[in-house]
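Readers should treat all values here as calculations from the given coordinates under stated rules, not as data from a laboratory. It should be emphasised that the depicted structure is a prediction, and the values quoted were computed from it without experimental measurement. All Cβ positions, even for glycine, are placed from backbone atoms using ideal geometry, and neighbour counts span all protein chains on display.
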């Protein structure tokens with residue numbers, strides 16, 4: 001309930017005192033500038049307030065739109081693309097018959113027959129040709145400026161620019177059509193090869209040769225997000241650009257960076273009691289510090305380095321895990337070298353979020369590969385019902401899918417929502433990343 005001394009928060013709708021700097025419930029800034037930015041218009045004319053400034057009964061702030069990234073999009077199924085293409089063809093034929101049949105019956109279109117052949121010339125030829133071009137031209141402009149043809153609209157498909165996730169534009173659509181036309185000049189069959197090329201896209205995005213030439217990507221908006229309906233600023237252009245650009249630096253295993261201080265250890269020696277220059281310094285030892293500005297550095301022996309590696313407080317998960325994981329517990333060894341014991345339910349992905357909002361869930365973030373790993377890609381847990389402590393995994397409907405590679409090399413692709421029990425020696429493929437399944441000894 002708000003009164004004359006309060007106004008509703010633009011984020012959660014809670015009453016905020018007019019002299020407050022932020023909402024006491026959600027912390028949203030309460031300045032007029034922040035309100036205007038959140039509402040998208042001047043606060044004085046905001047629709048949730050009456051002319052006197054009091055809130056309108058029943059008003060609730062619009063929910064914040066989640067950002068849309070390339071990982072939220074689902075590539076179109078090839079079968080649905082074929083059906084959409086056939087629908088466009090049927091619509092074109094029906095429109096052509098609807099226009100030309102009455103004109104032929106009325107004698108406007110004169111078809112000259114000679115035995116088993118026929119000929120159409122002059123105005124009659126124009127009247128037969130123009131209706132045949134109407135539907136293809138309409139679909140060309142629809143795909144250019146709206147992102148769909150009539151068949152794609154029926155099948156829930158959209159055509160977007162693969163880099164910016166916007167409508168393709170007329171220029172790129174003309175390029176796309178020219179690629180198909182040029183291929184048709186090869187024995188009259190080349191266009192069929194182009195139409196089949198999405199089936200062997202190495203990126204598994206379903207993009208054919210004509211799509212790659214025109215920088216287009218056909219997506220399924222029934223199964224995934226629709227970036228063409230996004231509000232301004234909802235599409236995360238920065239993240240999308242990163243997803244389409246391979247990582248400049250590959251992930252570095254923690255074990256390779258931990259020994260970095262080792263070469264400096266032999267150079268650190270106890271300082272003499274008096275600040276006198278050493279009579280015979282080692283010629284190969286570089287100066288690692290300036291005397292007088294820091295306390296004497298202790299000598300780090302190999303035994304101390306080994307002890308630090310076994311320290312449970314060490315940040316190197318691969319080393320600390322050996323001393324903390326109980327015997328017989330299943331654990332994941334990531335391709336970055338980290339070892340994660342699986343003792344309860346959890347999820348794995350690019351930026352995973354617990355599907356149950358349980359704060360005790362294990363969240364494993366795979367950094368450095370936003371191209372193939374979805375936000376919440378894989379779910380896992382311990383089979384408590386059987387009492388065996390076996391670990392299961394399930395794909396969360398990821399874009400690039402998950403698979404289990406058994407010890408004998410057999411690969412089993414996971415269907416979304418399907419739970420598969422793991423055994424020691426299995427490997428789990430998450431997009432292009434791989435993790436090994438082990439049992440602690």
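In the range 72-243, Cα pairs under 8 Å separated by at least six residues give a relative contact order of 28 percent. List residues of the range 197-233, by number, whose backbone nitrogen lies under 14 Å from a label position 7 Å along Cα→C-beta of residue 83. Those under the cut-off are 220-223. Taking 0.36 nm per residue of separation and subtracting the Cα-Cα distance, full extension of the segment from residue 181 to residue 358 would add 58.2 nm.
Entry note, the range 330-439: relative contact order of 25 percent, from Cα contacts under 8 Å with a spacing of 6+ residues.
Stretching the chain fully between residue 123 and residue 19 yields a gain of 29.7 nm (0.36 nm per residue, less the alpha carbon separation). Sorting 347-357, 430-440 by their mean Cβ neighbour count within 10 Å, with the most densely packed peptide first, gives 430-440, 347-357. Assign one of three labels to the range 72-243, namely rounded, prolate or oblate, based on the Cα gyration tensor with a ≥ b ≥ c the square roots of its eigenvalues; rounded applies when a/c is under 1.5, prolate when it is not and a/b is larger than b/c, and oblate otherwise. Taking the square roots of the gyration eigenvalues as a ≥ b ≥ c, the range 72-243 is prolate.
By the count of neighbouring beta-carbon atoms within 10 Å, fewest first, 212, 222 end up ordered 222, 212.
Extension gain, residue 163 to residue 386, is 75.5 nm, computed as 0.36 nm per intervening residue step minus the present C-alpha separation.
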